[in-house]
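The values are calculated or read from the model by the stated rules, or taken from the named source; none is laboratory data. The shown structure was predicted, so the numbers you read here are calculated from the model rather than taken from an experiment. As a convention, Cβ positions derive from the backbone with ideal geometry for all residues, glycine included, and neighbour counts pool all protein chains shown. These accessible areas exclude ligands, DNA and RNA; they are computed on the full protein's heavy atoms, side chains included. Shrake-Rupley method; radii C 1.70, N 1.55, O 1.52, S 1.80 Å.
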Amino acid sequence: MDKMQKTISEMLIEGSLIAIGLAEAAHLTALFLKLPFHVCAWIMAVLFFAALMAAGIPCLIRQIRKKPHRSMADGESGLQRFFKLFRLYPVLFVIIGALLLFQFIWNYGMQLPYTTGDITVETVQTMLASDGIYTVNPMTGQAFTTGMPLRLKILMLPTLYAALCSFTGIPARIVCYGMIPAVVLFLSYLVYGRWAAYLFPKEGKKQALFLLFVALVYQFGCYSGAMDGFTLFFCGYRGEVIRVGILLPYALLCSLQKKWKSVILCLLAEICVVWTFYGLGSAAAAAGIVCITRLVQKRMPRLYRKKGV
């Protein structure tokens, strides 16, 4: 198997980052051309469909061209490895599955979101009602007179959520407070699943224990407002939560693996969803630290050789 071939989890993570970029492209197009919201939503839908076709058709062609019988050198598929590990450690996987199911049902079906200081739902509802993008103040219902800072206007999450509401008919509160946080948590677990594979290659039990540890940290950390578990469970629709749960750990992992294209995807996604430090904040810092560390490691042997050590 090609070592550069991406796993299903990597495709899902990076597909979500590409979706953020496409939504940003539609958002900026409508924003600068002063198009109504419904036109922006259709542009977004067309871009998503085109991206799915561009990614799906080549994959389908490659699958058709593959030989019907895989050689032994190809090894086991990811699904086969999972079922093999499940047979070996059933109790461990049942505990992980039960904990994750509890988190998705309890935290997103029975808990109230943390909305202090946040007006995402109000902004989404205003876009749907006014058919405009950042043209009406969601708190007063009146048109903006002095405008908004450009750095805030280019943030696209409310537009993306409004587009989802527009096409599905699902209320904004359910999309923002239920569906999006569940997707963000799912992607966060996929990211840490890749961390488990990186830290413990070909050690299935240790990978499962690592994921169990992450799930427990999230669960017991949800009772403190400063913990990642709290933000993921109670305000996972916010851009800073997407950054801390997905972008930052994935950018750090890809930096360690020298997958620089994936790092760039993380940095661009951070610009689209977080305004802090003008978009380039934690993910860029993490990637920069890894790069500097690698440069220092490469130069240290040369310095020792020059000094005759």
Odd one out for Val273, checked against (1) over 28 Å from Phe200 (Cα atoms); (2) among the aliphatic types (A, V, I, L, M); (3) open to solvent by 40 Å² or more (accessible area, probe 1.4 Å); (4) under 15 Å from the mean Cα position of the chain (by Cα): (3)
Test: residue in segment 175-190 that is in a helix (DSSP H, G or I) and touching a Cys at 6+ places or on another chain (Cβ under 7 Å): yes
Within segment 173-205, considering residues that are more than 16 Å from the chain's Cα centre (by Cα) and basic (Lys, Arg), the one most open to solvent (accessible area, probe 1.4 Å): Lys202
Filter result for Phe93 (open to solvent by less than 100 Å² (accessible area, probe 1.4 Å), on the phi < 0 side of the Ramachandran plot, at pLDDT below 65 and part of a helix (DSSP H, G or I)): no
Enumeration of residues in segment 276-299 that are at pLDDT 65 or above, in a helix (DSSP H, G or I) and open to solvent by 70 Å² or more (accessible area, probe 1.4 Å): Ile289, Ile292, Leu295, Val296, Gln297, Lys298, Arg299
Residues of segment 10-48 classified as open to solvent by less than 50 Å² (accessible area, probe 1.4 Å) and either among the basic types (Lys, Arg) or in contact with a Lys or Arg (Cβ under 7 Å, 6 or more places away or on another chain) (or both), total: 2
In segment 4-38, the residues that are among the polar types (S, T, N, Q) and free of Cβ contacts under 8 Å to residues at least 24 places away in the same chain: Gln5, Thr29
Index of the failed condition, Ile170 passing every other in (1) in contact (Cβ under 8 Å) with a residue 12 or more places away in the chain; (2) surrounded by fewer than 20 Cβ atoms within 10 Å (Cβ to Cβ); (3) part of a loop (DSSP other than H, G, I, E, B): (1)
Any hit, segment 242-253, residues being without any contact (Cβ under 8 Å) to a residue 40 or more places away in the chain and not aliphatic (A, V, I, L, M): no
Segment 119-136 residues that are more than 14 Å from Lys153 (Cα to Cα) and basic (Lys, Arg), paired with ones that are in a loop (DSSP other than H, G, I, E, B) and open to solvent by less than 70 Å² (accessible area, probe 1.4 Å) (beta carbon under 8 Å, 6 or more apart): none
Residue list for segment 102-138, filter: in a helix (DSSP H, G or I), of a type outside the set (S, T, N, Q) and modelled with pLDDT of 90 or more: Val121, Glu122, Val124, Met127, Leu128, Ala129
Any chance Val244 is open to solvent by less than 20 Å² (accessible area, probe 1.4 Å) and assigned to a helix (DSSP H, G or I): no
Among residues of segment 116-135, those that are within 25 Å of Phe230 (Cα to Cα) and in contact with a strand residue (DSSP E or B) (Cβ under 6 Å, 6 or more places away or on another chain), counted: 0
